[in-house]
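So the structure is just underneath, and the comments pick up after that.
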C-alpha cells in the first residue's frame, strides 16, 4: 500500500468544496483527450485508469506493463512509456493506442539492439515526432544501456538519441514548446547517478539544437 493513501484532506479544503477525484496507489502520466477524459497511470497496480468528465472512473488497460508517462498527439492517439518500476512485468518500451483504428502497437523497445532502461516521460512535437526519456530508478542491475538518455522517434520510425550520448541521467518530466520548430525540452540531468544537480534545456533555434542552463533565452 502507498504510504500516502490514507492521508486525509484538510478540513479547510473540503469545506471549500475541494475533494479527491479518486484514490489509487501511485499515479503518473495524466493525459487528456479532446472529450475531457483523463487517462492516467496507476503504476503499482499495473494499470491505466480513465477518469470521465462526470467523475466516473474505469480501468482502461490492465496490465499496463508498468506504464508511466503518457501523452496525446494532434491526431488523438495516446502514447505510453512502459517502464520497469514497482513490480514485474514492465514493458521497457514505447507504445501507442489508436482509438480510431482500435490498435495498440509497439513503436520501439530497443535502441541498436539494446533494451531501454525504463521509459518514463514522453511528448510529441508539431511535426509528429516523439521524444521520450529513459532513466533507470530502483534496481540498476537491469540496465543494458550505458546511459540514461533522451530519444526521438522520427516519422519513419527511426530512433535517434536526442540528448548528448555522454549525459548520464535524464529525468521524468519533459515538454515541447508550442512555439515553432521542435520546441523546447527540459529535464534534470547529472553526471552523478545518485542525485540530480541541474536543469538542462534543449532548444531548436534556427534549425540547430542547443543545450544550455536556465535562463535559456537565445
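Each reported figure results from applying straightforward, stated rules to the coordinates on display, with no laboratory input. Here the structure is a predicted model, which means the values were calculated and not measured. Glycine also receives a Cβ, built like all others from the backbone with ideal geometry; neighbour counts cover every protein chain displayed.
Miscellaneous remarks
- Burial ordering of 57, 47, 75, fewest other beta-carbon atoms within 10 Å first: 75, 57, 47
- Computed label-point distance, nm, for sites residue 106 and residue 57 using a 7 Å Cα→Cβ extension: 3.1 nm
- Here the residues 111, 116, 39, ranked from fewest to most Cβ neighbours within 10 Å of their Cβ, fall in the order 111, 39, 116.
- Stretchable slack from residue 155 to residue 32, in nm (0.36 nm times residue separation minus alpha-carbon distance): 42.0 nm
- When 101, 50 are sorted by how many other C-beta atoms sit within 10 angstrom of their C-beta, beginning with the fewest, the order is 101, 50.
- Once the Cβ-Cβ distance of residue 74 and residue 139 is raised to the sixth power relative to R0 = 45 Å, the FRET efficiency obtained is 0.80.
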